[in-house]
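Remarks on the structure that follows.
The values are calculated or read from the model by the stated rules, or taken from the named source; none is laboratory data. If you're wondering where the values come from, they're calculated on a predicted model, not measured in any experiment. Cβ coordinates were reconstructed from backbone atoms using ideal geometry, including for glycine residues, and neighbour counts include every protein chain displayed.
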Amino acid sequence: MQFLKATGLLLLLQGALAVNASTVLPSPTNRRLTTLPDIPSPAGPLKPTSHLEPFANVTGSLDDHGVCQCSVYLPDTAFPVDRVERIEILAQQLSVKFDIEISKVSQYTKDIELYEKRILNLTKKIEYLEKTSVSYTELDFQLIRLEIQEMEKLVTQLKVSLSGNNVIVEQLYVEIKNLSLMVTEVESLDKHNILAVRREIASLQRKLQDCEASRNQSTNHYFPPGTCSHGGIVNVSQPYMVQLNWRGFGFKQGGWGRYSSPLAPGKELYWVAPLTSARYIEYYRLHESFDDLLLFKYSKEYRYQYGDGSGAVVYNNFMYFNVYNSRDIGKLDLNTNTLVLRRALPNAAFNNRFSYAGVSWQDLDFAVDENGLWVIYSTEASTGNIVISKINETNLEVIDTWETRQYRPSVSNAFMVCGVLYATRIVNTRKEEIFYTYDTNTRTEGRVSIIIDKMMETIQSADYSPIDRRLYVYNDGYLVRHDLTFQPIIPA
Ligand SMILES: [Ca+2]
């Protein structure tokens, strides 16, 4: 621009010199330059040409030495200096913008190189997936899809930034689209194989469970709760973990179960009693529905000092338990938490003498079935073998007693169903087995093998509820429930 300005000045000077030269005249009068054609100049006669028009209005004067002096006015049209300046500024601005755009393009180029690498990686992955059709999962596809979506988004942004004129970006976009289609294709192929098979398996498993449930239901349908016209337990369902006891994981010993009360007819009542110091029945809670139990919402929380072991049961709104440090049966009114009766169980061993295998302080294990209240214990006379007594729940007197030949400390727990004792033993940390039965109706013992799956290692207590024909297990602090299946009596 400086050059243009300089050129302009030079022209101006040349013009001025020319004028000066042509106007060194002896004429005493001021003359208009338009009259110059009459006057001979050193360069020859001046001709009135159009480019001289801007000088038409220039007036001059002669000084004392006869030199013609004049001011020259150069109009815009001849030399637009201000416009040139504007152009100069504009050019500078454009130059800056150009630099910015150039740097952008170099950044995009780097980005594109990065995406190309990623696409290459993804392509390799897909090729691998295609080759090894067994090892991939739905999740793999989802991840690939996400990556592709992300790249699509970025490339679209790039396209907009570069006004869609960049060939590389266009190519990239097309490649990503192709990749997306490829993944869909591979996945659709898979759907007919691995995923379809997996879904089929899941569906079959569901069907199987439904089938099992309806079979159990239909089997139980023949034996409505309260009746004993069946041939005994044939199967124990998988454990259904209800919840951890409300006092927490540290309270591994305890008992729980369902009961009914004449004070609340038709209500689904539950009791939970985690033991204090792994020995004492002290705090217990009562719940008025299964939902309440799940939500830890209780109608009553009581304290009683003390019962021994996890062998307590609740029957008709009374809790029956082994009174601490004695062979006594305690009868606790759950309405008022008062001990209404206490009576010794004749000859019963107590204070952890013949408790169950792996379970302490449970010398007296109470049970409830369709026939009423029972207690499962040992005596010195029975040499530690299981003794079963039917108890009159009103006065706690023994109605009848049965002695078995099964050593109690080798049994892990026991419960009564329709007057039949079922005893369990430990198989391993995950399985327990009902292996022994004693029918008080016929005074006969039997051997069975019904597996009970455990969630935790030790079954601290197992109580049957004749209300819903379920087994309530306190499994190392967890409240667990099992459905029981009974076999029909085969007519002779
Ligand atoms: Ca029991």
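Tallying residues that are in contact with a Pro (Cβ under 8 Å, 6 or more places away or on another chain) and of a type in the set (Val, Ile, Thr) within region 453-492 yields 3.
Of all residues in region 451-465, exactly one satisfies the criterion of being among the acidic types (Asp, Glu) and within 13 Å of the ligand (Cβ to nearest atom), namely Asp463.
Could you grab me the full set of residues in region 344-396 that are part of a strand (DSSP E or B), away from the ligand (no atom under 13 Å from the Cβ), farther than 24 Å from Arg469 by Cβ and out of contact with any Phe, Trp or Tyr (no Cβ under 6 Å at 6 or more places or on another chain)?
Looking only at region 344-396, we keep the residues that are part of a strand (DSSP E or B), and these are 344, 348, 365-369, 372-379, 385-391.
Add one more test, that the residue is away from the ligand (no atom under 13 Å from the Cβ), and what stays is 344, 348, 372, 378-379, 385, 387, 389-391.
Among the residues that remain, those that are also farther than 24 Å from Arg469 by Cβ are: 344, 348, 378-379, 385, 387.
Once the filter is applied, which keeps residues that are part of a strand (DSSP E or B), away from the ligand (no atom under 13 Å from the Cβ), farther than 24 Å from Arg469 by Cβ and out of contact with any Phe, Trp or Tyr (no Cβ under 6 Å at 6 or more places or on another chain), region 344-396 yields Ala344, Thr379.
When Glu130 is tested against (1) at pLDDT below 80; (2) among the acidic types (Asp, Glu); (3) loosely packed, with under 11 Cβ neighbours inside 10 Å, exactly one condition is not met: (3).
Quickly run through region 317-338 and pick out the residues that are surrounded by 15 or more Cβ atoms within 10 Å (Cβ to Cβ) and away from the ligand (no atom under 16 Å from the Cβ).
Step one: list which residues in region 317-338 are surrounded by 15 or more Cβ atoms within 10 Å (Cβ to Cβ), which gives 317-324, 326-332, 334, 337.
Answer for region 317-338, where residues must be surrounded by 15 or more Cβ atoms within 10 Å (Cβ to Cβ) and away from the ligand (no atom under 16 Å from the Cβ): Asn317, Phe318, Val323, Tyr324, Ser326, Arg327, Asp328, Gly330, Lys331, Leu332, Leu334, Asn337.
Please determine, by comparing only the residues of region 397-419 that are among the polar types (S, T, N, Q) and part of a strand (DSSP E or B), which one is farthest from the ligand (Cβ to nearest atom). It comes out as Thr401.
Within region 326-344, is there a residue that is farther than 15 Å from Leu396 by Cβ and small (Gly, Ala, Ser)? No. Entry remark, region 305-316: residues being at pLDDT below 95 and either of a type in the set (A, V, I, L, M, F, W, C) or crowded, with 17+ Cβ neighbours inside 10 Å (or both) number 1 in total.
Considered as a group, the residues in region 424-441 that are within 16 Å of the ligand (Cβ to nearest atom) and under 15 Å from Asp453 (Cα atoms) include one that is nearest to the chain's Cα centre (by Cα), and that residue is Glu432. The single condition among (1) under 22 Å from Pro262 (Cβ atoms); (2) under 47 Å from the mean Cα position of the chain (by Cα); (3) buried (at least 20 other Cβ atoms within 10 Å of the Cβ) that Ile391 does not meet is (2).
Among what's in region 235-278 and is polar (S, T, N, Q) and within 11 Å of Leu479 (Cβ to Cβ), pick the residue that is farthest from the ligand (Cβ to nearest atom). It would help to see each step written out before you state the result.
Within region 235-278, the subset polar (S, T, N, Q) is 235, 237-238, 243, 245, 253, 260-261, 276-277.
Filter once more, keeping what is within 11 Å of Leu479 (Cβ to Cβ): 243, 245.
Working: Gln243: 20, Asn245: 17 Å.
This residue is Gln243.
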